[in-house]
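Visitor: Just dropping this structure here.
The values are calculated or read from the model by the stated rules, or taken from the named source; none is laboratory data. Just so it is clear, the structure is predicted and the values come from calculations on it, not from any experiment. As a convention, Cβ positions derive from the backbone with ideal geometry for all residues, glycine included, and neighbour counts pool all protein chains shown. All accessible areas refer to the heavy atoms of the entire protein, side chains included, with ligands and DNA or RNA removed. Shrake-Rupley method; radii C 1.70, N 1.55, O 1.52, S 1.80 Å.
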Amino acid sequence: GTALTFDWNISDTLSFASISSYREYDTRSTWDEDASPVALNQLDNRLDNWQFTQEFRLNGALGDNLDYTVGAFYLEQDSNYEARVTLNYAMIDFIHGPDPTPADTKAGFAHVAWHLTDNLTVSGGVRYSKEYKGYTHHRHNPDGTNIPPGPPGVNTNWRLAGIEGLTAEFEDDRTDWRLAASFDLTDNSMVYGSASTGYKGGGVNPRPFFPDQLKTFDSEELTSYELGW
């Protein structure tokens, strides 16, 4: 992994920041998933991933009472997941993948803090996010050959034949916000309150056995309220 941060003080009241980063990893893991003495469910996994992010921020002040930040964020990543899956209890033994899972996120955001008095500050922010996740499924016999579509009894992997080459895609866009206020009671004491929204992105069901299990799931949404001293 590597990262590059660039800061530019344009003036006494305006600054610009850029954060660029790149990371990649390759993993290999093998385990007996059923955790019993009998080899019912064996997995040999490999996952390769790379990702790039870029963020730009412009921070400024208007007079003595208003501070602001505007910016943009971008993430792009790609993974390939491959596994030898041995499900002896179901008489299934196959190669899962390599499944490409590209994803990207784009966002723009702004935040303003208004100092109404020496003691009272109110602030607000908004963020627009657009997200994409894709997943293409591949299934093969352990020797790399295509899985034939039956009939039953000839090749027990035939039940997985309908998944090969199918793609599911998740897309979502959201607007989230935050409102907050703080009041300094003394030099050493403050009360505050805030309300905000957020989300955890949805995605794609990662390991279907049948085509009708190839589904996406929605994002989780959150509204948060906080009071403190």
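Visitor: Enumerate the residues in region 87-115 having an amide nitrogen under 17 Å from the point lying 7 Å beyond the Cα of D173 toward its Cβ.
Guide: Answer for this model: 104-110.
Visitor: Ok, one more. Give the residue from A39, F217, T117 lying farthest towards the positive end of the charge dipole for the chain; charges sit on Cβ (+1 for Lys and Arg, -1 for Asp and Glu) and the dipole is referred to the Cα centre.
Guide: So the residue furthest toward the plus end is A39.
Visitor: Using the Cβ atoms and a cut-off under 14 Å, what net charge is assigned to the surroundings of F170, where Lys and Arg are +1 and Asp and Glu are -1? Provide the component values of the computation, followed by the final result.
Guide: Working: positive: K130, K133, R174, K200, K215; negative: D104, E131, E169, E171, D172, D173, D218, E220.
Charge balance in the 14 Å sphere: -3.
Visitor: Taking Cα centroids, how far is region 61-81 from region 158-229 in Å?
Guide: Each part's Cα centre sits 18 Å from the other's.
Visitor: Under a straight-distance cross-link criterion of Cα-Cα below 18 Å, which lysines are reachable from K215, leaving out those fewer than 8 residues away in the same chain?
Guide: The qualifying lysines are K133, K200.
Visitor: Take E82 and F52, extend 7 Å from each Cα along the Cα→Cβ direction, and tell me the distance between the two endpoints in nm.
Guide: 2.4 nm
Visitor: Skip the ligands, DNA and RNA, and give the accessible area per residue of region 22-119 with a 1.4 Å probe, whole Å². Show your work: numbers first, answer last.
Guide: Values: 5660 Å² over 98 residues.
For region 22-119, the per-residue accessible area is 58 Å².
Visitor: What part of the accessible area of the chain, given as a whole %, is carbon or sulfur when the probe is 1.4 angstrom?
Guide: Taking all protein chains in place, the chain shows 56 percent carbon and sulfur surface.
Visitor: Any idea what the dipole of the chain comes to, in debye rounded to 20, about its Cα centre with Lys/Arg Cβ at +1 and Asp/Glu Cβ at -1? List each step's numbers first, then the result.
Guide: On the way: 16 positive and 34 negative charges, 101 e Å.
Once rounded to the nearest 20, the dipole reads 480 debye.
Visitor: Taking the Cβ of V191 as the centre, find all other residues whose Cβ is under 12 Å away and add up their charges (Lys, Arg: +1; Asp, Glu: -1). All intermediate terms of the calculation are to be shown ahead of the outcome.
Guide: Working: positive: none; negative: D184, E226.
Net local charge, V191 excluded: -2.
Visitor: Here's a follow-up. Connecting C-alpha atoms closer than 10 Å in a GNM of the chain, tell me which of A90, A180, A168 has the biggest fluctuation.
Guide: So, out of A90, A180, A168, the one fluctuating most is A90.
Visitor: Sticking with this one: Given labels modelled 7 Å from the Cα in the Cβ direction, how far is it in nm from S182 to D218?
Guide: Here the modelled spin labels are 3.5 nm apart.
Visitor: Starting from the 7 Å offset along Cα-to-Cβ, what nm value, one decimal, do you get for the label separation of F16 and T197?
Guide: 3.2 nm
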